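Inspection log for the structure reproduced underneath, given as C-alpha cells.
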C-alpha cells in the first residue's frame, strides 16, 4: 500500500531528510542528525511536521456528556480556550488512544488523536454516539507544525505580533499567521520545552514551514524529525501509544492516574479501574536509568535475577549521555535507586529505577 504524504513531503526532501514509514505516512526521521536536532530543541527552537496526527470534531447539545462517558479525564473542567490531555477508554479499562481535547464552545470540541489511530478513534466514537452529537473526521482539513524550544515563543511573537506568552500551558487561541492564514495556536507539545502547535490549512503548510525556517534563523532554528521527537518525549517520560499505552494497558498501569477522574461518575472502563485501585496493579510502568548500555523495546527486565517485565521504549539520552528507558514490571513496590537488570544481547546490564522526568527543566 502506498504511504500517505503530509503537505510538507516535498519540503522534507528538499532539506535532505531521511524518510521512513510511520503510522502509514512517509515521515522525516532526521535531517542533520537526531542528537543535533534534540539538543537544538532543548537550547533554541526546532520545528516538527506533525501533520500526520488526526483531528476529530465532536459537537452538539450532548457533546460534553458524550465525551465525559468516553474519556478518563473530567470534561467539566474545560472552558473555552482550554485543552486537556485525556485517555479515550474502552470497556476493559484499556486505552483506545491518548488524546488532547480542545473546547471551542460548550457544544463544540476539537480532538487531536494519534496518527495510527485516526480511523480507529473516529469509528470508536461513532459506534458509541448518542443523540444530540455530531462527529466529523476532519483529519484532512488540517496540517500541524510544532515549534518547540526555549526561543520558540519569542520567534512566534515576533512573527505574528500576538502576545503568545500570555497563553497558558494547555490553553489555545485562534488567530492569524502572517499571510492572513487562519491558525489555531495551541500551547502544547511533546518535548517538555515551551512551544506551540499550529493547526493550519494544508495548502498553507509549506508557506508557514518555510516562513518559520527563514525568520527563525536568528534563533538558530532547525527542522527536527521523528527521531528527536522520540528522544525528547522519552527524556520527559511522555507515553507513546502502542508502547506505554495500548488497548490492554490501563492508564493507571501506565502511571497516568492524574488524568483519571474516577469521581466524575460513569465512563467506559471505570469499574475495571476502580478494581485495579482497590486490589492493586499487576504491573506498573517504571522509568529506568541505565549504568551502561541502551535498553530497547522488548528487552527483558530482571528483578533479583528473575524475569519480571519488559522495556516499552528505550534510547540514549542526548542530555544525560546515558541510556534511559520505560518498562512494565510486575513488582509494583520498587523504589527509586532499586536495581534491575536489562538483558542486552544475552547479557545483563544494570539499571536503576528512576523518577520522571529524567531531566528537570525548572
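The values are calculated or read from the model by the stated rules, or taken from the named source; none is laboratory data. If you're wondering where the values come from, they're calculated on a predicted model, not measured in any experiment. Note: ideal-geometry Cβ built from the backbone for every residue, glycine included; neighbour counts use all protein chains shown.
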Inset, instruction - Return the pairs, sorted by first residue and then second, in which the second residue is in a strand (DSSP E or B), the first residue lies in segment 283-295 and is on the phi > 0 side of the Ramachandran plot, the beta carbons are less than 8 Å apart, and the residues are 6+ apart or on different chains. - result: 293/323; 293/342; 293/344; 293/349
Inset, instruction - For residue 130, state whether it is over 24 Å from residue 195 (Cα atoms), out of contact with any strand residue (DSSP E or B) (no Cβ under 8 Å at 6 or more places or on another chain) and either part of a strand (DSSP E or B) or not assigned by TED's automatic domain parsing to the domain that holds residue 184 (or both). - result: yes
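Which residue, of 359, 294, 324, is more than 30 Å from residue 129 (Cβ to Cβ), touching a helix residue (DSSP H, G or I) at 6+ places or on another chain (Cβ under 9 Å) and assigned to a loop (DSSP other than H, G, I, E, B)?
Numbers: 294 fails: touching a helix residue (DSSP H, G or I) at 6+ places or on another chain (Cβ under 9 Å); 324 fails: assigned to a loop (DSSP other than H, G, I, E, B).
Sole residue among the options that is more than 30 Å from residue 129 (Cβ to Cβ), touching a helix residue (DSSP H, G or I) at 6+ places or on another chain (Cβ under 9 Å) and assigned to a loop (DSSP other than H, G, I, E, B): 359.
Looking at 238, 207, can you tell me which residue is free of Cβ contacts under 8 Å to residues at least 40 places away in the same chain and at negative phi?
Working: 238 fails: free of Cβ contacts under 8 Å to residues at least 40 places away in the same chain.
On inspection, the qualifying residue turns out to be 207.
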Inset, instruction - Could you please let me know if residue 71 is modelled with pLDDT of 95 or more, closer than 29 Å to residue 93 by Cα and surrounded by 18 or more Cβ atoms within 10 Å (Cβ to Cβ)? - result: yes
Legend entry - Residue among 67, 88, 78 that is under 19 Å from the mean Cα position of the chain (by Cα), in contact (Cβ under 8 Å) with a residue 12 or more places away in the chain and over 30 Å from residue 316 (Cβ atoms): 88
Legend entry - The one condition in (1) buried (at least 23 other Cβ atoms within 10 Å of the Cβ); (2) closer than 19 Å to residue 20 by Cβ that residue 242 fails to fulfil: (1)
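Of the residues 54, 24, which single one is closer than 22 Å to residue 114 by Cβ and surrounded by fewer than 18 Cβ atoms within 10 Å (Cβ to Cβ)?
Working: 54 fails: surrounded by fewer than 18 Cβ atoms within 10 Å (Cβ to Cβ).
Step by step, each of 54, 24 is checked, and only 24 is closer than 22 Å to residue 114 by Cβ and surrounded by fewer than 18 Cβ atoms within 10 Å (Cβ to Cβ).
Conditions (1) loosely packed, with under 15 Cβ neighbours inside 10 Å; (2) at pLDDT 95 or above; (3) more than 24 Å from the chain's Cα centre (by Cα), marked per residue:
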site	(1), (2), (3)
155	no, yes, no
159	no, yes, yes
164	no, yes, no
173	no, yes, no
184	no, yes, no
198	no, yes, no
218	yes, yes, yes
229	no, yes, no
238	no, yes, no
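What do you reckon, is residue 169 without any contact (Cβ under 8 Å) to a residue 60 or more places away in the chain and surrounded by fewer than 16 Cβ atoms within 10 Å (Cβ to Cβ)?
When the stated conditions are applied, residue 169 passes them.
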